[in-house]
Amino acid sequence: MSSKPDPDSATPAPALAPAKSYSSRLFRPKRTPLPRDDARRQGDISSLAYLTMGGRDAAVAFLNVENPTLGGRPLALATASAEGYARVAAAIHAWSPDPAAG
């Protein structure tokens, strides 16, 4: 008799676990896109701020910080309505660079 185990009588190897799906990590809830007019106003006000204020940093700082004079964040106000867009555009046109910065 041989001391080697019989391959037919050996216990089967445990089944491999299925590969982990990474899609669950990348899942993001479905978001509702901006209505077309809102998206247009958002893009237009961002471009206006970028071109008028001399670049990205000044535009982003202005658009994303609460502005007490306008009564909210300029980007949100300009995106929400045509009137809000007009108020924010007027504020951008009235903007002048800080003389101490340059």
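The values are calculated or read from the model by the stated rules, or taken from the named source; none is laboratory data. Just so you know, these numbers come straight off a predicted model, no measurement behind them. With ideal geometry, Cβ positions are generated from the backbone for all residues, glycine too; neighbour counts draw on all protein chains shown. All accessible areas refer to the heavy atoms of the entire protein, side chains included, with ligands and DNA or RNA removed. Shrake-Rupley method; radii C 1.70, N 1.55, O 1.52, S 1.80 Å.
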**OP:** Kindly check whether there is at least one residue in region 20-38 that is in contact with a helix residue (DSSP H, G or I) (Cβ under 6 Å, 6 or more places away or on another chain), open to solvent by 50 Å² or more (accessible area, probe 1.4 Å), modelled with pLDDT of 95 or more and on the phi < 0 side of the Ramachandran plot.
**Re:** no
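Which of the residues that make up region 40-57 are part of a helix (DSSP H, G or I) and in contact (Cβ under 8 Å) with a residue 24 or more places away in the chain?
Listed by number, the residues that qualify are 41, 42, 44, 45, 46, 48, 49, 52.
Could you tell me which residue of region 56-77 is surrounded by the most Cβ atoms within 10 Å (Cβ to Cβ), considering only residues that are closer than 11 Å to residue 42 by Cα and touching a Leu at 6+ places or on another chain (Cβ under 8 Å)? Spell out how you get there, then give the answer.
Step one: list which residues in region 56-77 are closer than 11 Å to residue 42 by Cα, which gives 63, 74-77.
From what is left, the residues that are touching a Leu at 6+ places or on another chain (Cβ under 8 Å) are 63, 74-75, 77.
On the way: 63: 24, 74: 26, 75: 22, 77: 21.
Here the residue is 74.
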Original post:
So, of the residues in region 78-98 that are open to solvent by 50 Å² or more (accessible area, probe 1.4 Å) and of a type in the set (Gly, Ala, Ser), which turns out to be nearest to the chain's Cα centre (by Cα)?
Top reply: 80
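Taking into account only those residues within region 39-51 that are of a type in the set (S, T, N, Q) and open to solvent by 50 Å² or more (accessible area, probe 1.4 Å), which is nearest to the chain's Cα centre (by Cα)? Step through it out loud before you land on a result.
The first filter runs over region 39-51 and keeps only residues of a type in the set (S, T, N, Q), leaving 42, 46-47.
Add one more test, that the residue is open to solvent by 50 Å² or more (accessible area, probe 1.4 Å), and what stays is 42, 47.
Details: 42: 13, 47: 17 Å.
By that ranking, first place goes to 42.
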